[in-house]
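The next block holds one structure in the form of structure tokens; read it before the comments.
Only the coordinates and a few stated rules stand behind these numbers; no lab work does. None of these values were measured; they are calculated from a predicted model. No Cβ is skipped: glycine too gets one built from the backbone with ideal geometry, and neighbour counts run over all protein chains shown.
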């Protein structure tokens, strides 16, 4: 599927653009990537990769981002947007000015991430959605505070811990279930479900940790989630790849939590599970074309998991990254405890084997980065501690 001439530049803007960049390169594009990390994997496939610092009100500093886009990828180079701009629609509009936007325009993103508009839409479509309100309830037990346009789960807090709402906060009833996401592909008039993936969180507040694709669920449950996701995606007129995040209870009941109107964290695992190039499908959908039949998952399962530093560390020069590690932090970079260090990936015939491999590979990676006694003494002297 030749969507762009081989080697033509494409601008990718995302909190982490590595998976999009690798898929775009495999599709024959020359990606120019602006994200928070500019990691080794991204540099290896990108025509240019630049690290954008965080902003005061968003994951990417607006002025630095816009300046880099004008300089490194001026219009009419097409724009492909990943996660990170849902809460910065003016920045998205400025980035898209004068170029083809391979994604959803700001007005559709605004509707998709508005929890009250989504609540009304779900009611009209008979899709279960948690009760949502704009003010704190008198009895706060069982309620959560979330922030519009935020992602990754870091913004979710128990209502009991919040004294006053931020202007972008909203309050949502807590519902039971485990996270399951449905990958969607839209052409602006219809949306199709491609794949359901199981996701898991960690930490307090719970934040995104990993994904397993396809989700090991009974076919009936997958069909119910897929129908609901496709109905909402069609009503929103989504273009390209998007995802619908659910909580699925043990009895099969579910609630839709949010729509992510752009390629998300399941991209790499889903691409491996489906055996197709998802950037190609995304670009085709944005241009009004869906495949005659959606791709079917191949045999087996694929998974990825984010590895966060378990202590403050510096990636040593010449560190030999294993082949199953992605998002590799450049040598010499200081990574604070809790910050992303890399991603581990695994593929196997059984879902449990994939999950076990991800856990073991995270342990191995952190152990390999454990400093030797000599390096520990050298680092201590550099910090002014010890002999």
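Things worth noting here:
- Protection proxy ranking, peptides 342-349, 47-54, average beta carbon neighbours within 10 Å, highest first: 342-349, 47-54
- Here the spin labels are modelled as points 7 Å beyond Cα on the Cα-Cβ line, and at residue 47 and residue 94 they lie 2.4 nm apart.
- With eigenvalues of the C-alpha gyration tensor scaled by 5 and rooted, region 131-174, Å: 15, 11, 10
- Region 131-174: relative contact order in percent, alpha carbon pairs under 8 Å with at least 6 residues between: 55
- Mean sequence separation of contacting Cα pairs (under 8 Å, at least six apart), scaled by the length of region 301-382, corresponds to a relative contact order of 35 percent.
- Shape metrics for the chain, restricted to C-alpha atoms - Rg then Dmax, Å: 20.9, 69
- Region 301-382: C-alpha gyration tensor shape, a/c 1.5 cut-off, then a/b vs b/c: prolate
- Sequence-distant contacts, meaning Cα pairs under 8 Å at least 6 residues apart, place the relative contact order of the chain at 13 percent.
- Largest GNM mean-square fluctuation across 222, 353, 279, computed for the chain with C-alpha springs under 10 Å, falls on 353.
- Overall, the ratio between the Cα radius of gyration of region 208-254 and 2.2 N^0.38 Å, rounded to two decimals, is 1.24.
- For the peptides 126-132, 255-261, the ranking by packing is 255-261, 126-132, with the highest mean count of neighbouring Cβ atoms within 10 Å listed first.
- Rounded to 5, percent antiparallel among DSSP beta bridges of the chain: 80
- Expected 222 nm ellipticity per residue - DSSP helices of 4 or more, -39500 (n - 2.57), all of the chain, to 500: -9000 deg cm²/dmol
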